[in-house]
1. Which of the residues belonging to region 90-139 are open to solvent by less than 70 Å² (accessible area, probe 1.4 Å), assigned to a loop (DSSP other than H, G, I, E, B) and of a type in the set (A, V, I, L, M)?
2. Against the condition open to solvent by less than 60 Å² (accessible area, probe 1.4 Å), at pLDDT 95 or above, under 24 Å from residue 206 (Cβ atoms) and not in a helix (DSSP H, G or I), how does residue 22 come out, does it pass?
3. Going residue by residue through region 273-281, is there one that turns out to be under 30 Å from residue 28 (Cβ atoms), touching a residue at least 12 places away in the same chain (Cβ under 8 Å) and open to solvent by less than 20 Å² (accessible area, probe 1.4 Å)?
4. If you take the residues of region 36-69 that are part of a loop (DSSP other than H, G, I, E, B) and open to solvent by less than 20 Å² (accessible area, probe 1.4 Å), which of them is farthest from residue 86 (Cα to Cα)?
5. Looking only at residues that are in contact (Cβ under 8 Å) with a residue 60 or more places away in the chain and open to solvent by 60 Å² or more (accessible area, probe 1.4 Å) in region 204-225, which one is nearest to residue 136 (Cα to Cα)?
6. Does residue 83 count as of a type outside the set (Gly, Ala, Ser) and under 30 Å from residue 198 (Cα atoms)?
7. Within region 161-176, does at least one residue satisfy the condition of being more than 25 Å from the chain's Cα centre (by Cα) and loosely packed, with under 12 Cβ neighbours inside 10 Å?
8. Has region 231-250 got any residue that is open to solvent by 10 Å² or more (accessible area, probe 1.4 Å), modelled with pLDDT of 95 or more and of a type in the set (Phe, Trp, Tyr)?
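The values are calculated or read from the model by the stated rules, or taken from the named source; none is laboratory data. Here the structure is a predicted model, which is why all the values come from computation and not from measurement. Neighbour counts run over all protein chains shown; Cβ positions are idealised from the backbone, glycine included. When the accessible area is computed, the model is the full protein with side chains, heavy atoms only, and any ligands, DNA or RNA have been set aside. Shrake-Rupley method; radii C 1.70, N 1.55, O 1.52, S 1.80 Å.
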Amino acid sequence: MRDLLIRRNVLQSLTLTDKPLFDQYAQYIDTRLSSYAFAPISVWRDLFRFYWALIDNQLCVFARQGSDYFMPIMPMGKGLSERAIREAYGFMLESNQARPIARIENVPTECLPFFHAMGYTSVLKEMEYLYEMEALIQLKGNRYKSKRAAYNTFVRNYPNVRIQPYQRDDLAACFALYDAWAQSRRAKFDDEIYRAMLEDSRHAHRVGLMNHKELGLIGSIIFIDAELKGYTFGYPLNGETFCVLFEITDLRIQGLAQFLFREFCRKQAAYRWMNAMDDSGLE
């Protein structure tokens, strides 16, 4: 299977120019899971090599780290294809030195019975947080009391605020903010896994900031007294759901994160749902 895919040039490197192809097949997946979009996969290209192949008219995306492959999402196409799943999985098993690395991640819950019927087992990983967009904009009720208070505190303390769309000229300032934010996180947490995640995330932010247009990302940046203090990026998953990919703010400023997030939600008011991603297993 491995030689067949490579010999026939079926396995292709996933590049920025492949976004239209990806989007063409992603439209068949009815899910609110954030991974079924081009941006959240492509931003990790500094850490993984990504490839794609068409099997039984299904787009199969593979991630390679070292010599081993896994699939960050299930094959995409009209309906579920047993042939595509078995051939893709067979390719990974035959290619990998560490066979347990072979897996298909981010399978929607409603698709699990199909995989179980084929003999595959499933494991629950991190959960993603889905909110009604209107609720995040209004911040009404006890559930959002602390967020509302933080937002109002920020508004009172910082009248000279400007929010504007991200442009490539803002790259250096945003990256400097990320490094300052990460340094404050490292100073507070000495867990080596967490610190490694900060470095991995740095690569993803760099790719996103440098290629936001090509990735289909929408970004907002916030200035206080003409100094950049935060940025946030997201993307439309489909006609109903918008996903926040990442957000960084100056942690010393009370209420800044809540203010930026709420204002970003206002700009996405046309969507019913906001997917705030997972928590990477952290509380």
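1. Within region 90-139, 98, 102, 107, 118, 139 meet the criteria.
2. Details: open to solvent by less than 60 Å² (accessible area, probe 1.4 Å): yes; at pLDDT 95 or above: yes; under 24 Å from residue 206 (Cβ atoms): yes; not in a helix (DSSP H, G or I): no.
Spelling it out, it is not the case that residue 22 is open to solvent by less than 60 Å² (accessible area, probe 1.4 Å), at pLDDT 95 or above, under 24 Å from residue 206 (Cβ atoms) and not in a helix (DSSP H, G or I).
3. There is at least one residue in region 273-281 that is under 30 Å from residue 28 (Cβ atoms), touching a residue at least 12 places away in the same chain (Cβ under 8 Å) and open to solvent by less than 20 Å² (accessible area, probe 1.4 Å).
4. Of region 36-69, the ones part of a loop (DSSP other than H, G, I, E, B) are 36-38, 43-48, 56-57, 66-67.
Next, from what is left, pick out any that are open to solvent by less than 20 Å² (accessible area, probe 1.4 Å): 36-38, 43.
Working: 36: 20, 37: 23, 38: 23, 43: 27 Å.
Here the residue is 43.
5. Within region 204-225, the match that is nearest to residue 136 (Cα to Cα) is 225.
6. Values: of a type outside the set (Gly, Ala, Ser): yes; under 30 Å from residue 198 (Cα atoms): no.
In short, no.
7. Applying the first criterion (more than 25 Å from the chain's Cα centre (by Cα)) to region 161-176 yields 161-162.
Filter once more, so that each one left must be loosely packed, with under 12 Cβ neighbours inside 10 Å: 162.
Within region 161-176, one or more residues are more than 25 Å from the chain's Cα centre (by Cα) and loosely packed, with under 12 Cβ neighbours inside 10 Å.
8. The answer is no; no qualifying residue exists.
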